[in-house]
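Down below is the structure, laid out as structure tokens.
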Amino acid sequence: MIAHKSLFFKGLGLLVAFFIVLFLMFMPLINGHNFLNYMDNLYNTISKGSAYYIPKMKAEIAPYQGKFITLDLAMATEREAKETALLLTKSGASAQIDGVKLKVSGDLGAILANCLEDSDLMFNNQGEQISAKYGYPEKQVLYNWYRADIQMNKELTHQKLFNEAKIVASVQAKAVECAFNYYKIVPESIGNKIGVVIFSLVFYVIYTLWFGFSILFLFEGWGMQLGH
């Protein structure tokens, strides 16, 4: 039973309007994209510029130039092992394939430098150069680097080469993963989109409160007393 009709219908009206706006947000009204996809892409383009760690990583791997390592890497499949071996041989290392296993010997600094070079190309949306270099798709190349770095980190840790394991993990997280995740995204300065950013943040707050007050008014219209 409705105790306070004015409050109830105010809440109902707000709730209906809330879902109308929600419906519109899922419609492709912004350059063929819906509001959520547009905002997701916008924040990706803005954040890309602040996620470029590769120049710093190039300096951090310098002390490992000439550091010779021998590692036994266990890959997931024979195909992955063969493709990863190509990455390592292009880095100047030797890679002996035995099924899904790789026995790698080479200069850790040179391996990481090649990994960073590929990551840099990927981050700057020049994936065609990577696919031409290795003969298979660039995203698979970066994924193989990711898998190789995980296995290298594991093996270096097992050998108690903790500093070496740490730098490999840093390259994986700050270069390979960032390059893969931001591939094909064109960076945008927040200054160029400051109006849209402010609007989105204000809208988020208002839209959240909008839903909350619609529920509040509905329940109070039913006669339930909610503190506010």
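A short reminder: the numbers here are calculations on the coordinates, not readings from a lab. What you see is a predicted model, and the numbers here were worked out from it, not measured in a lab. Cβ placement follows ideal geometry from the backbone for every residue including glycine, while neighbour counts extend to all protein chains displayed.
Some points to look at:
- Degrees between helix 78-89 axis and first principal axis of the chain (Cα, 0 to 90, nearest 10): 70
- In plain terms, the bigger the Kirkwood radius, the slower the diffusion; for the stretch 51-134, with that radius from Cα pairs, at 37 °C and 0.692 mPa s, Stokes-Einstein puts D at 243 µm²/s.
- Among the listed values (i) 80, 36, 32; (ii) 57, 53, 50; (iii) 58, 39, 34, the one computed from these coordinates for Cα extents along the principal axes in Å is (i).
- Proxy reagent accessibility, fewest Cβ within 10 Å first, across Phe23, Phe180: Phe23, Phe180
- Helix 35-48 and the longest principal axis of the Cα set of the chain meet at an angle near 40°.
- Here the residues Leu12, Leu142, ranked from fewest to most Cβ neighbours within 10 Å of their Cβ, fall in the order Leu12, Leu142.
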